[in-house]
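The values are calculated or read from the model by the stated rules, or taken from the named source; none is laboratory data. Small disclaimer: the values here were computed from a predicted structure and weren't measured. Every residue, glycine among them, receives a Cβ derived from its backbone with ideal geometry; neighbour counts consider all protein chains shown.
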(Lines give C-alpha, C1' and ligand atoms only; values in the text may rest on other atoms or scores of the structure.)
Protein backbone atom coordinates (compact mmCIF):
# COMPACT_ATOMS: atom_id res chain seq x y z
CA UNK A 1 0.00 0.00 0.00
CA UNK A 2 1.31 3.44 -0.95
CA UNK A 3 1.62 5.70 2.07
CA UNK A 4 -0.07 9.11 2.01
CA UNK A 5 2.13 12.18 2.36
CA UNK A 6 0.76 12.55 5.88
CA UNK A 7 1.91 9.04 6.79
CA UNK A 8 5.36 9.62 5.26
CA UNK A 9 5.95 12.74 7.33
CA UNK A 10 4.54 11.20 10.51
CA UNK A 11 6.77 8.17 10.11
CA UNK A 12 9.88 10.29 9.55
CA UNK A 13 9.13 12.39 12.61
CA UNK A 14 8.41 9.38 14.81
CA UNK A 15 11.70 7.74 13.80
CA UNK A 16 13.53 10.98 14.60
CA UNK A 17 11.85 11.02 18.02
CA UNK A 18 13.11 7.50 18.66
CA UNK A 19 16.64 8.52 17.73
CA UNK A 20 16.43 11.57 20.00
CA UNK A 21 15.28 9.43 22.93
CA UNK A 22 18.22 7.08 22.43
CA UNK A 23 21.14 9.50 21.95
CA UNK A 24 19.84 12.97 22.79
CA UNK A 25 20.02 14.41 19.28
CA UNK A 26 19.05 13.74 15.66
CA UNK A 27 21.97 13.52 13.26
CA UNK A 28 21.37 15.13 9.87
CA UNK A 29 21.18 12.60 7.02
CA UNK A 30 24.13 13.87 5.03
CA UNK A 31 24.62 12.09 1.73
CA UNK A 32 20.99 11.14 1.34
CA UNK A 33 18.41 13.56 2.79
CA UNK A 34 20.16 16.79 3.80
CA UNK A 35 19.77 20.30 2.42
CA UNK A 36 23.11 19.89 0.65
CA UNK A 37 21.84 16.77 -1.09
CA UNK A 38 18.83 18.65 -2.41
CA UNK A 39 21.10 21.25 -3.99
CA UNK A 40 23.20 18.52 -5.59
CA UNK A 41 19.94 17.19 -7.05
CA UNK A 42 19.13 20.64 -8.48
CA UNK A 43 22.41 20.73 -10.38
CA UNK A 44 21.82 17.16 -11.56
CA UNK A 45 18.29 18.06 -12.70
CA UNK A 46 19.55 20.73 -15.08
CA UNK A 47 22.14 18.30 -16.44
CA UNK A 48 19.29 16.01 -17.40
CA UNK A 49 20.15 13.37 -14.82
CA UNK A 50 17.24 11.41 -13.34
CA UNK A 51 18.96 10.87 -10.02
CA UNK A 52 18.50 12.43 -6.62
CA UNK A 53 15.61 13.95 -4.75
CA UNK A 54 14.04 15.80 -7.70
CA UNK A 55 13.35 12.89 -10.03
CA UNK A 56 9.66 13.93 -10.42
CA UNK A 57 10.84 17.12 -12.19
CA UNK A 58 13.17 15.51 -14.75
CA UNK A 59 12.56 17.22 -18.09
CA UNK A 60 11.72 20.61 -16.61
CA UNK A 61 13.92 23.49 -17.78
CA UNK A 62 12.65 25.98 -15.19
CA UNK A 63 12.58 25.67 -11.41
CA UNK A 64 11.27 27.86 -8.61
CA UNK A 65 12.89 26.99 -5.27
CA UNK A 66 11.04 28.37 -2.24
CA UNK A 67 12.78 28.23 1.14
CA UNK A 68 10.39 28.78 4.07
CA UNK A 69 12.29 29.67 7.23
CA UNK A 70 11.31 27.54 10.27
CA UNK A 71 8.70 25.27 8.68
CA UNK A 72 9.46 22.05 10.56
CA UNK A 73 7.57 18.87 9.69
CA UNK A 74 5.89 18.95 13.10
CA UNK A 75 4.40 22.37 12.31
CA UNK A 76 3.18 21.23 8.91
CA UNK A 77 1.55 18.19 10.52
CA UNK A 78 -0.15 20.44 13.08
CA UNK A 79 -2.08 22.22 10.30
CA UNK A 80 -2.53 19.19 8.05
CA UNK A 81 -6.32 19.22 8.35
CA UNK A 82 -6.70 22.91 7.57
CA UNK A 83 -8.53 23.32 4.22
CA UNK A 84 -5.92 25.68 2.76
CA UNK A 85 -3.10 23.24 3.49
CA UNK A 86 -5.02 20.22 2.21
CA UNK A 87 -5.88 22.03 -1.02
CA UNK A 88 -2.26 23.04 -1.61
CA UNK A 89 -0.88 19.57 -1.01
CA UNK A 90 -3.45 17.96 -3.31
CA UNK A 91 -1.60 19.69 -6.14
CA UNK A 92 1.82 18.31 -5.12
CA UNK A 93 3.61 15.71 -7.23
CA UNK A 94 5.59 14.39 -4.28
CA UNK A 95 5.84 15.06 -0.55
CA UNK A 96 8.72 13.80 1.56
CA UNK A 97 11.21 15.02 4.15
CA UNK A 98 14.76 16.25 4.53
CA UNK A 99 17.01 17.05 7.45
CA UNK A 100 18.48 20.42 8.25
CA UNK A 101 22.18 20.74 9.05
CA UNK A 102 24.20 21.27 12.23
CA UNK A 103 23.60 23.76 13.65
CA UNK A 104 20.00 24.00 12.48
CA UNK A 105 20.05 27.71 11.76
CA UNK A 106 19.55 29.94 8.74
CA UNK A 107 23.13 31.18 8.66
CA UNK A 108 24.45 27.64 8.20
CA UNK A 109 21.54 26.07 6.30
CA UNK A 110 21.36 28.63 3.50
CA UNK A 111 25.07 28.16 2.81
CA UNK A 112 24.52 24.41 2.47
CA UNK A 113 21.67 25.10 0.04
CA UNK A 114 23.77 27.63 -1.90
CA UNK A 115 26.89 25.46 -2.16
CA UNK A 116 25.57 21.87 -1.96
CA UNK A 117 28.17 21.43 0.79
CA UNK A 118 27.95 20.18 4.37
CA UNK A 119 29.02 22.43 7.26
CA UNK A 120 32.22 20.43 7.74
CA UNK A 121 33.30 21.80 4.35
CA UNK A 122 31.74 25.26 4.02
CA UNK A 123 32.47 26.20 7.66
CA UNK A 124 29.73 28.78 8.21
CA UNK A 125 28.94 27.47 11.65
CA UNK A 126 26.15 29.62 13.05
CA UNK A 127 24.74 33.07 13.55
CA UNK A 128 27.68 34.11 15.75
CA UNK A 129 30.95 32.72 14.49
CA UNK A 130 34.61 33.13 15.41
CA UNK A 131 36.64 34.55 12.52
CA UNK A 132 40.39 34.21 12.95
CA UNK A 133 40.99 36.85 10.28
CA UNK A 134 39.41 39.58 12.42
CA UNK A 135 40.15 38.04 15.83
CA UNK A 136 36.54 38.30 16.95
CA UNK A 137 33.11 36.69 17.10
CA UNK A 138 31.00 38.13 14.29
CA UNK A 139 27.35 37.96 13.31
CA UNK A 140 27.49 36.15 10.00
CA UNK A 141 24.25 37.48 8.50
CA UNK A 142 25.25 41.14 8.77
CA UNK A 143 29.03 40.81 9.11
CA UNK A 144 29.46 42.84 12.29
CA UNK A 145 31.14 42.10 15.64
CA UNK A 146 28.71 40.26 17.93
CA UNK A 147 28.69 43.19 20.37
CA UNK A 148 28.00 45.86 17.71
CA UNK A 149 24.59 47.50 17.40
CA UNK A 150 25.00 48.52 13.75
CA UNK A 151 24.94 46.28 10.69
CA UNK A 152 27.73 45.56 8.20
CA UNK A 153 30.33 47.21 10.44
CA UNK A 154 33.29 45.16 9.22
CA UNK A 155 32.56 45.56 5.53
CA UNK A 156 32.13 49.31 5.91
CA UNK A 157 35.48 49.37 7.68
CA UNK A 158 37.10 47.67 4.68
CA UNK A 159 37.54 44.25 6.29
CA UNK A 160 36.84 41.65 3.62
CA UNK A 161 37.80 38.05 4.48
CA UNK A 162 35.54 35.53 2.73
CA UNK A 163 32.83 33.83 4.72
CA UNK A 164 32.19 31.24 2.01
CA UNK A 165 35.11 30.05 -0.10
CA UNK A 166 33.29 27.30 -2.00
CA UNK A 167 31.61 27.87 -5.38
CA UNK A 168 27.82 28.18 -5.40
CA UNK A 169 25.29 26.07 -7.26
CA UNK A 170 24.38 29.23 -9.22
CA UNK A 171 27.93 29.32 -10.56
CA UNK A 172 27.68 25.62 -11.41
CA UNK A 173 24.38 26.17 -13.20
CA UNK A 174 25.82 29.12 -15.16
CA UNK A 175 28.56 26.82 -16.48
CA UNK A 176 25.72 24.68 -17.89
CA UNK A 177 24.03 27.72 -19.50
CA UNK A 178 21.32 27.90 -16.83
CA UNK A 179 20.42 31.36 -15.59
CA UNK A 180 19.74 31.89 -11.86
CA UNK A 181 17.71 34.65 -10.23
CA UNK A 182 18.10 35.18 -6.47
CA UNK A 183 15.17 37.09 -4.95
CA UNK A 184 16.51 38.95 -1.90
CA UNK A 185 15.08 41.41 0.61
CA UNK A 186 16.28 44.96 -0.05
CA UNK A 187 17.74 45.26 3.45
CA UNK A 188 19.93 42.19 2.86
CA UNK A 189 21.13 42.72 -0.71
CA UNK A 190 24.25 44.65 0.28
CA UNK A 191 25.26 42.31 3.11
CA UNK A 192 28.42 40.28 2.63
CA UNK A 193 26.52 37.09 3.49
CA UNK A 194 23.92 37.60 0.73
CA UNK A 195 26.56 38.57 -1.81
CA UNK A 196 28.51 35.40 -1.11
CA UNK A 197 25.64 32.90 -1.16
CA UNK A 198 24.16 34.46 -4.32
CA UNK A 199 27.37 34.46 -6.39
CA UNK A 200 26.65 33.48 -9.98
CA UNK A 201 23.03 34.67 -9.92
CA UNK A 202 21.17 37.83 -10.85
CA UNK A 203 19.88 39.39 -7.62
CA UNK A 204 16.32 40.71 -7.72
CA UNK A 205 15.09 42.99 -4.93
CA UNK A 206 11.88 42.61 -2.98
CA UNK A 207 10.70 44.99 -0.25
CA UNK A 208 8.41 42.95 2.03
CA UNK A 209 7.23 39.45 2.84
CA UNK A 210 4.25 40.04 0.55
CA UNK A 211 6.01 40.84 -2.71
CA UNK A 212 8.65 38.10 -2.67
CA UNK A 213 6.33 35.66 -4.45
CA UNK A 214 5.10 37.87 -7.32
CA UNK A 215 8.69 38.99 -7.86
CA UNK A 216 9.82 35.37 -8.02
CA UNK A 217 7.03 34.33 -10.40
CA UNK A 218 7.71 37.31 -12.69
CA UNK A 219 11.36 36.26 -12.86
CA UNK A 220 10.37 32.92 -14.42
CA UNK A 221 10.18 34.65 -17.80
CA UNK A 222 13.84 35.71 -17.66
CA UNK A 223 15.23 32.74 -19.62
CA UNK A 224 14.32 29.37 -21.12
CA UNK A 225 16.67 27.48 -18.78
CA UNK A 226 16.27 29.04 -15.38
CA UNK A 227 16.29 28.62 -11.63
CA UNK A 228 14.65 31.17 -9.34
CA UNK A 229 15.49 31.15 -5.62
CA UNK A 230 13.11 32.77 -3.12
CA UNK A 231 13.31 32.87 0.67
CA UNK A 232 10.34 33.63 2.95
CA UNK A 233 11.14 34.51 6.57
CA UNK A 234 7.88 35.61 8.15
CA UNK A 235 7.14 32.28 9.85
CA UNK A 236 10.56 32.39 11.53
CA UNK A 237 9.89 35.86 12.92
CA UNK A 238 6.42 34.94 14.19
CA UNK A 239 7.63 31.66 15.70
CA UNK A 240 10.53 33.30 17.52
CA UNK A 241 8.18 35.77 19.21
CA UNK A 242 5.05 33.73 19.96
CA UNK A 243 6.44 30.19 19.89
CA UNK A 244 6.45 27.70 17.01
CA UNK A 245 3.24 25.97 18.06
CA UNK A 246 1.32 29.19 18.73
CA UNK A 247 -1.91 30.15 17.02
CA UNK A 248 -0.01 33.02 15.40
CA UNK A 249 2.42 30.57 13.77
CA UNK A 250 -0.41 28.29 12.66
CA UNK A 251 -2.19 31.21 11.04
CA UNK A 252 1.03 32.17 9.27
CA UNK A 253 1.36 28.69 7.71
CA UNK A 254 -2.29 28.65 6.65
CA UNK A 255 -1.92 32.07 5.00
CA UNK A 256 1.24 30.88 3.26
CA UNK A 257 -0.58 27.83 1.90
CA UNK A 258 -3.20 30.11 0.32
CA UNK A 259 -0.50 32.22 -1.32
CA UNK A 260 1.47 29.20 -2.53
CA UNK A 261 -1.54 27.66 -4.26
CA UNK A 262 -1.60 30.65 -6.61
CA UNK A 263 2.20 30.69 -6.92
CA UNK A 264 2.25 27.03 -7.99
CA UNK A 265 -0.52 27.53 -10.52
CA UNK A 266 1.21 30.57 -12.07
CA UNK A 267 4.64 28.91 -12.07
CA UNK A 268 3.27 25.82 -13.80
CA UNK A 269 1.68 27.98 -16.48
CA UNK A 270 5.18 29.39 -17.10
CA UNK A 271 6.51 25.85 -17.55
CA UNK A 272 8.28 25.72 -14.18
CA UNK A 273 8.42 23.12 -11.45
CA UNK A 274 8.19 24.33 -7.86
CA UNK A 275 10.18 22.95 -4.93
CA UNK A 276 9.25 23.95 -1.37
CA UNK A 277 11.44 23.21 1.62
CA UNK A 278 12.52 24.68 4.95
CA UNK A 279 15.97 25.53 6.29
CA UNK A 280 15.13 24.25 9.79
CA UNK A 281 12.31 24.08 12.33
CA UNK A 282 11.92 25.61 15.80
CA UNK A 283 11.36 24.44 19.35
CA UNK A 284 9.91 26.17 22.39
CA UNK A 285 12.13 27.29 25.26
CA UNK A 286 10.58 29.00 28.28
CA UNK A 287 12.54 31.54 30.30
CA UNK A 288 13.08 28.94 33.01
CA UNK A 289 15.12 26.93 30.50
CA UNK A 290 17.53 29.76 29.66
CA UNK A 291 21.01 29.41 31.15
CA UNK A 292 23.01 32.66 31.23
CA UNK A 293 26.60 31.70 30.48
CA UNK A 294 28.14 34.81 32.04
CA UNK A 295 26.89 33.67 35.48
CA UNK A 296 28.86 30.41 35.29
CA UNK A 297 32.11 31.63 36.83
CA UNK A 298 34.20 28.48 36.47
CA UNK A 299 33.16 27.93 32.88
CA UNK A 300 33.77 31.53 31.84
CA UNK A 301 37.22 31.66 33.43
CA UNK A 302 38.26 28.61 31.40
CA UNK A 303 37.37 30.17 28.04
CA UNK A 304 39.55 32.18 25.68
CA UNK A 305 36.49 33.97 24.28
CA UNK A 306 32.79 33.88 25.25
CA UNK A 307 30.50 31.11 23.94
CA UNK A 308 29.42 31.64 20.32
CA UNK A 309 27.44 29.90 17.63
CA UNK A 310 23.78 29.35 18.52
CA UNK A 311 21.90 29.47 21.78
CA UNK A 312 21.06 25.79 21.32
CA UNK A 313 24.34 24.79 19.68
CA UNK A 314 27.22 26.68 21.27
CA UNK A 315 30.96 26.50 20.63
CA UNK A 316 33.54 26.85 23.40
CA UNK A 317 37.15 27.86 22.72
CA UNK A 318 39.33 26.96 25.69
CA UNK A 319 41.91 29.06 27.50
CA UNK A 320 42.57 26.12 29.81
CA UNK A 321 41.17 22.89 28.37
CA UNK A 322 41.53 20.87 31.58
CA UNK A 323 39.72 23.56 33.55
CA UNK A 324 37.03 23.75 30.87
CA UNK A 325 36.39 20.02 31.06
CA UNK A 326 36.13 20.25 34.84
CA UNK A 327 33.64 23.13 34.65
CA UNK A 328 31.19 21.63 32.14
CA UNK A 329 29.08 20.30 35.01
CA UNK A 330 27.94 23.89 35.61
CA UNK A 331 25.73 23.54 32.53
CA UNK A 332 23.51 20.96 34.24
CA UNK A 333 21.62 18.02 32.76
CA UNK A 334 20.03 19.90 29.85
CA UNK A 335 23.07 19.90 27.59
CA UNK A 336 25.33 17.42 25.80
CA UNK A 337 28.97 18.58 25.68
CA UNK A 338 31.11 17.04 22.95
CA UNK A 339 34.61 17.82 21.86
CA UNK A 340 34.57 19.15 18.33
CA UNK A 341 36.69 16.16 17.37
CA UNK A 342 34.08 13.76 18.73
CA UNK A 343 31.27 15.66 16.98
CA UNK A 344 33.19 15.41 13.72
CA UNK A 345 33.78 11.69 14.29
CA UNK A 346 30.04 11.17 14.86
CA UNK A 347 29.25 12.90 11.58
CA UNK A 348 27.25 15.73 13.15
CA UNK A 349 28.75 18.35 10.81
CA UNK A 350 28.97 16.16 7.74
CA UNK A 351 31.14 13.57 6.07
CA UNK A 352 34.85 13.51 5.37
CA UNK A 353 37.75 15.63 6.50
CA UNK A 354 37.08 19.07 8.05
CA UNK A 355 38.15 22.08 6.00
CA UNK A 356 40.84 24.43 7.30
CA UNK A 357 38.21 27.11 7.93
CA UNK A 358 36.09 24.66 9.93
CA UNK A 359 38.97 23.83 12.27
CA UNK A 360 39.74 27.52 12.77
CA UNK A 361 36.15 28.47 13.52
CA UNK A 362 34.72 25.53 15.49
CA UNK A 363 36.63 25.86 18.78
CA UNK A 364 37.27 22.98 21.20
CA UNK A 365 33.80 21.93 22.40
CA UNK A 366 30.29 22.03 21.01
CA UNK A 367 27.36 22.15 23.46
CA UNK A 368 24.12 20.57 22.21
CA UNK A 369 21.01 21.75 24.03
CA UNK A 370 18.27 19.28 24.85
CA UNK A 371 14.59 20.18 24.62
CA UNK A 372 13.56 23.21 26.64
CA UNK A 373 17.12 24.51 27.16
CA UNK A 374 19.30 27.26 25.69
CA UNK A 375 22.69 28.73 26.62
CA UNK A 376 22.87 32.50 26.28
CA UNK A 377 25.82 34.86 26.47
CA UNK A 378 24.89 38.57 26.49
CA UNK A 379 27.13 40.15 23.85
CA UNK A 380 24.82 43.18 24.05
CA UNK A 381 22.83 44.58 26.94
CA UNK A 382 19.53 43.69 25.30
CA UNK A 383 20.59 40.01 25.35
CA UNK A 384 20.13 40.06 29.13
CA UNK A 385 16.36 40.14 28.65
CA UNK A 386 15.67 37.73 25.77
CA UNK A 387 12.19 37.99 24.35
CA UNK A 388 10.21 35.29 22.62
CA UNK A 389 9.62 31.57 22.96
CA UNK A 390 10.90 30.05 19.70
CA UNK A 391 14.49 28.83 19.31
CA UNK A 392 16.52 26.76 16.87
CA UNK A 393 20.08 25.67 16.22
CA UNK A 394 19.81 22.40 18.12
CA UNK A 395 19.25 18.84 16.95
CA UNK A 396 15.79 17.90 18.21
CA UNK A 397 13.28 16.38 15.76
CA UNK A 398 11.31 19.60 15.58
CA UNK A 399 14.42 21.55 14.56
CA UNK A 400 15.94 18.98 12.18
CA UNK A 401 13.11 17.27 10.23
CA UNK A 402 11.79 19.54 7.47
CA UNK A 403 9.43 18.98 4.53
CA UNK A 404 10.33 18.70 0.85
CA UNK A 405 7.34 19.29 -1.40
CA UNK A 406 7.56 19.07 -5.19
CA UNK A 407 4.87 20.59 -7.42
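Scan region 282-291 and give yes if some residue there is surrounded by 15 or more Cβ atoms within 10 Å (Cβ to Cβ), at pLDDT 95 or above and closer than 30 Å to residue 214 by Cβ, otherwise no.
First, pick out the residues of region 282-291 that are surrounded by 15 or more Cβ atoms within 10 Å (Cβ to Cβ): 282-285, 289-291.
With at pLDDT 95 or above added as a condition, the list becomes 282-285, 289-291.
Keeping just the survivors that are closer than 30 Å to residue 214 by Cβ gives 282.
Taking every residue of region 282-291 in turn, at least one turns out to be surrounded by 15 or more Cβ atoms within 10 Å (Cβ to Cβ), at pLDDT 95 or above and closer than 30 Å to residue 214 by Cβ.
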| request: Check residue 386 against each of (1) at pLDDT 95 or above; (2) under 22 Å from the mean Cα position of the chain (by Cα); (3) over 30 Å from residue 4 (Cα atoms) and name the one condition it does not meet. | output: (1)
| Across region 44-87, what is the number of residues that are under 19 Å from residue 220 (Cβ atoms) and either buried (at least 19 other Cβ atoms within 10 Å of the Cβ) or free of Cβ contacts under 8 Å to residues at least 24 places away in the same chain (or both)? | 13
| task | Any residue in region 175-186 that's in the same structural domain as residue 272 (by TED's automatic domain parsing) and at negative phi: show its pairings with residues that are in a loop (DSSP other than H, G, I, E, B) and crowded, with 19+ Cβ neighbours inside 10 Å at Cβ separation under 6 Å, as long as the two are six or more apart or on different chains. | result | 180/201; 182/198; 182/201
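Residue check: is residue 102 more than 18 Å from residue 162 (Cβ to Cβ), in contact with a helix residue (DSSP H, G or I) (Cβ under 8 Å, 6 or more places away or on another chain) and modelled with pLDDT of 95 or more?
Numbers: more than 18 Å from residue 162 (Cβ to Cβ): yes; in contact with a helix residue (DSSP H, G or I) (Cβ under 8 Å, 6 or more places away or on another chain): yes; modelled with pLDDT of 95 or more: yes.
For residue 102, the condition - more than 18 Å from residue 162 (Cβ to Cβ), in contact with a helix residue (DSSP H, G or I) (Cβ under 8 Å, 6 or more places away or on another chain) and modelled with pLDDT of 95 or more - is met.
If we only count helices (runs of 4 or more DSSP H) wholly inside region 219-315, which ones have 1 or more residues that are assigned by TED's automatic domain parsing to the domain that holds residue 118 and touching a helix residue (DSSP H, G or I) at 6+ places or on another chain (Cβ under 6 Å)? Quick ask: steps written out before the conclusion?
On the way: elements: 234-242, 247-269, 297-301.
Answer list for region 219-315: 234-242, 247-269.
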| Here are some conditions: (1) modelled with pLDDT of 90 or more; (2) outside any strand (DSSP E or B). Residue 138 meets all but one. Which one does it not meet? | (2)
| query | Does region 147-154 contain any residue that is at pLDDT 90 or above and surrounded by 22 or more Cβ atoms within 10 Å (Cβ to Cβ)? | reply | no
| note | Those residues of region 20-36 which are farther than 16 Å from residue 405 by Cβ and either surrounded by 20 or more Cβ atoms within 10 Å (Cβ to Cβ) or without any contact (Cβ under 8 Å) to a residue 60 or more places away in the chain (or both) amount to 21, 22, 23, 25, 26, 28, 30, 32, 34, 36
| remark: Note on region 189-218: residues farther than 26 Å from residue 45 by Cα, in a loop (DSSP other than H, G, I, E, B) and free of Cβ contacts under 8 Å to residues at least 40 places away in the same chain are 189, 190, 207, 208, 209, 210, 211
| request: Would you mind stating whether residue 350 is closer than 21 Å to residue 22 by Cα, touching a residue at least 12 places away in the same chain (Cβ under 8 Å) and loosely packed, with under 14 Cβ neighbours inside 10 Å? | output: no
